[in-house]
Structure formats: C-alpha cells, structure tokens
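These notes are about the structure you will find just below.
The values are calculated or read from the model by the stated rules, or taken from the named source; none is laboratory data. Please read these numbers as outputs of a predicted model, since none were measured by experiment. Glycine also receives a Cβ, built like all others from the backbone with ideal geometry; neighbour counts cover every protein chain displayed. Each accessible area value is taken on the protein alone, full model and side chains, heavy atoms only, with ligands, DNA and RNA left out. Shrake-Rupley method; radii C 1.70, N 1.55, O 1.52, S 1.80 Å.
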Amino acid sequence: MNIKIPDKAKLILERLSAAGFEAYVVGGCVRDSILGRVPGDWDITTSAKPEEVKALFDRTIDTGIEHGTVTVMLGKEGFEVTTYRLDGKYEDGRHPKEVTFTPSLEEDLKRRDFTINAMAYNPDAGLVDLFGGMDDIDRGVIRCVGKATERFNEDALRIMRAVRFAAQLGYDIDEETAVAIEVLSGNLKKISAERIRVELTKLIDSDHPELLKKAWELGITKVILPEFDKMMETVQNNPHHMYSVGEHSLVAMQNITNDKYLRLTMLFHDIGKPGVKTTDENGVDHFHGHQEVGEAMTKDIMRRLKFDNDSIHFVSKLVRYHDFGNGIVPTMKIVRRAINKIGPDIFPLLEKVRFADIAAQSPFKREEKIQNVKLTYDIYREIERLDQCVSLKTLALNGSDLIAMGHKPGKEIGEILQKLLDEVLEEPELNTKENLTTLVKRWENESEN
Ligand code: CTP
C-alpha cells in the first residue's frame, strides 16, 4: 500500500522522525486515500509530546494543547499534529474530557471509532492496520474498533457517524456494531444539536440518503427526528402514491441531486402529512394543508437542529411550495405570478423538487404531471430570456421616483409600487418608466375626482 502524502505533511513526518519521534498520517486521510477519495485534511499522530512538536516548528498554534493537539502552520496551511493518547469520555467529539499520553501507536489507534478510521501510515513503516480496517474496506463494512458498546459509550455521536459513513461509502454496518447502536441510540439525546445536525446533513447529502431508513430501524431517528418515525408509520392509500410517507420521502431524496438544500427539502416536503391525514368514505387518504403544516414543522425542526437562517428560509419555502402548480395549466401570466409569490430565489429550485417528488409517486398520471412541470419551466426560462419583471426589484419605477413625483415617503409608496407590479405581472410591456409614470398620474387624477 502506497499512499501519496502531500509534500507539507511529508515534511512534518520527516522532521519529527529526524528528531527521533514516531509520526504517521492517521484516520480519515488514510481511509480516504485507500478509497481513492480526496482527503479533507491530513491529521498526524506522533509519539512527540506537544512541547516537543512545538520546538521543531517555527509556527504552531495551541489548537487543543490539553488534548495533545498542536496545529503546525506551513505557509497558509495548517496540519493538526496530535500526541499518541488514550481517551476518556468525549465532550464535543473531537476532544475527550481527559487524555493520557501514551508511547504506543497501538493504544492510540485502539481508541478510535471504526476500523476504517483506525489506520496509520508513513512511507517507512507502510500501512499500520491493527484492527482489520483493510478487510472491512474490502467487505464494505463499518465496524467499531474493539467492543462497540465501549466506543459508543465514549462518544454517542459515533452512533450517527456509523450510519453516516455507511451512507457515504455505500457500506453495511457490522452486526455487533449495529446491535450496540440499537441498545445505545437513546444516548444521542445527550449530544448537542449542532453535532447531530452535522452528521444528519452528511448522511442525507451522501450517495445513499436512503440509509436514513437504517437510522430509523436502529432507533436513531426516534431520538433525533421523531417526526420521521411518524412518516414511516403513515400509509398513503391514494392513487397518486404507492409508498408510506416515509418511504416516499426516502425515494424522493434519492431522486434529487446531492445538494444540502434539496435533500433536506425532499426529506421534509411531506412531513406535515401524518398530522393532517383524513380518510374519505371510499377509504382514500387525503392530506389537505400538509404544505403549510410542513413549512411550520420544517422551521421548528431546523431551528431545533440549529440550522442557519438561510437554510431554514430556503428549505421551509421549498417545502411550502413543493407541489405548487400541480393540476394548473401554466401560462406566462400564471408563471410570472407564481415566481412573484414564491420568490425568484425559490422558484427555479422547485423544478428539481417537483420532478423528484413525482418520480417517487405511483405511475398514476405521471406523464401528465411531468409534462406540467416541463411546460412550467419552459415558460419560466422564456420569462427569464425576455427579462420580464417579476418583482419590485426590476420594476421600472421605484420609491424615489414616486417621491420625486410628490408622494410622501411612507406606506402609500409601498402600496402604489405593489399596484404597479400587479399591472406589470399582467402585462409585462407596461414596465417602462414612461408607462408607469402615466399610470400613476392617471390614478392620482382618478382619486382627485
Ligand atoms: N474519531 C473518533 N471518534 C469520533 C471522531 C473522530 O474516533 N467521534 C477519530 C477517527 O479516527 C477519525 C479521526 O478521529 O478518523 C478524525 O476525525 P474527523 O476529522 O472528525 O473525521 P474523519 O474520519 O476525518 O471523517 P470526515 O472528515 O468525513 O468527518
């Protein structure tokens, strides 16, 4: 096994080694190199104590000195160099509460979460794989180092990391590891929302977002996203559907490009359904108002998971309008109004959302639905090409123009602009300064008479 280490990381290994210490690249970068993925960062593990590391390099930062981590700066790049250590319980996932340094690489590797993350490498020693990491890569298995319950008790977030790595790599979870997850998944309630969010996002923004089902089977979503369990329990006896709400949403996630906003949207788009389900006299299920309920729930859940405001805005709006336009024959006028109502930032993203949703429904009227979306977005692109006005931003008259015409600053200006926009949405050719000025003057005269 030959791993191509970037020059700067190699220089760090060489300098530590020349000073008589052991040093290896370790963890994620070794795993990713073996898998042919591009490592995010190159972590280094060494027998040198933090003070000894600092003495060897000009520029270092005490990133986590009490945990044995020093960041070595080479140019603009930083490399985390951590002393071999044994861990106590983790506080935040990267930093255990108390650590003991050890002279043994084996001890350091033993405390890591999964076999595929517990390999070290340097050009002299080659690959150090003491726990069968390579075998597990060959078999495609996520397996804890040593006793799974111990690893998960050290840091419950590892429970989510197991499913997240399985989703990113398309791997299975080893039996003992899976059993330990089932037993201990309740401990996730002790983990901060931020850390849960990071893992959940990585899971659904992976090649296998459908592995969220595994998280459900193992009792993880019950703790971090109980709303998803409700979706899995909600059957849809309706000609448009062939899956439960939860299964439908899993397929919808698979149907869309892996983009954080879009995957979250497909996960949440029908989250309002369980709460509004009714069954008619023919036994057909309906979900009236699930879009509005879904929007509110999406906001709540995303706030709870400490998502940023931009993400909350985009995803909740996409959820609100995910099936907007279904059953309406689109025209230029209808689409201009829809862009204005939904927002020029949201509207274009809905194209993929609607296709992904439709493809996860039953074949009933599928072709019709697809044609409807296609036509809507052909029209949308035509509106874009013609540069037609769909919002106040591109209205040919603005507030200052109205003030110059003698209107008082304040609420009235907003109302006039809105009225003008309304006219322009009906008739885009009206959108010139001259036309709109004439229109305003006419309204002024009308109100005077
Ligand atoms: N690690 C661990 N337990 C954790 C977090 C990390 O044992 N809860 C160890 C693993 O050996 C891991 C290494 O620390 O490979 C680096 O962790 P991190 O940077 O969080 O993850 P990566 O494995 O590099 O993966 P990714 O970058 O995809 O998060």
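Here is how the numbers come out for the structure above:
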quantity	calculated
Residue tally, condition more than 12 Å from the ligand (Cβ to nearest atom) and in contact with a strand residue (DSSP E or B) (Cβ under 6 Å, 6 or more places away or on another chain), over segment 37-55	5
Residue 123, sole failed condition from (1) away from the ligand (no atom under 13 Å from the Cβ); (2) more than 30 Å from the chain's Cα centre (by Cα); (3) under 19 Å from residue 178 (Cα atoms)	(3)
Given (1) in a helix (DSSP H, G or I); (2) open to solvent by 10 Å² or more (accessible area, probe 1.4 Å), number of the condition residue 252 does not satisfy	(2)
Tabulated pairs, segment 219-236, first within 14 Å of residue 197 (Cα to Cα), second surrounded by fewer than 19 Cβ atoms within 10 Å (Cβ to Cβ), C-beta under 6 angstrom, 6+ apart or interchain	221/229; 223/189
Some residue of segment 328-341 being open to solvent by 70 Å² or more (accessible area, probe 1.4 Å) and in a loop (DSSP other than H, G, I, E, B)	yes
Candidate set from segment 313-327 (those that are more than 22 Å from residue 422 (Cβ to Cβ) and at pLDDT below 95); member that is least open to solvent (accessible area, probe 1.4 Å)	323
Options 358, 334; residue that is under 27 Å from residue 264 (Cβ atoms) and not charged (D, E, K, R)	358
Any hit, segment 202-221, residues being within 13 Å of the ligand (Cβ to nearest atom) and of a type in the set (A, V, I, L, M)	yes
Condition check for residue 299: touching a helix residue (DSSP H, G or I) at 6+ places or on another chain (Cβ under 7 Å), more than 21 Å from residue 355 (Cα to Cα) and in a loop (DSSP other than H, G, I, E, B)	no
Matching option when the condition is away from the ligand (no atom under 16 Å from the Cβ) and part of a strand (DSSP E or B), among 62, 135, 58	62
Qualifying residue in segment 77-90 (condition: in the same structural domain as residue 18 (by TED's automatic domain parsing), exposed (fewer than 14 other Cβ atoms within 10 Å of the Cβ) and under 29 Å from the mean Cα position of the chain (by Cα))	yes
Subset of segment 257-294 that is assigned to a loop (DSSP other than H, G, I, E, B) and closer than 17 Å to residue 228 by Cβ - its residue that is most open to solvent (accessible area, probe 1.4 Å)	277
Boolean, residue 147 is out of contact with any Lys or Arg (no Cβ under 8 Å at 6 or more places or on another chain), in the same structural domain as residue 212 (by TED's automatic domain parsing), free of Cβ contacts under 8 Å to residues at least 40 places away in the same chain and basic (Lys, Arg)	yes
Residue list for segment 22-52, filter: in a loop (DSSP other than H, G, I, E, B), at negative phi and open to solvent by less than 50 Å² (accessible area, probe 1.4 Å)	39, 42, 43, 47, 48
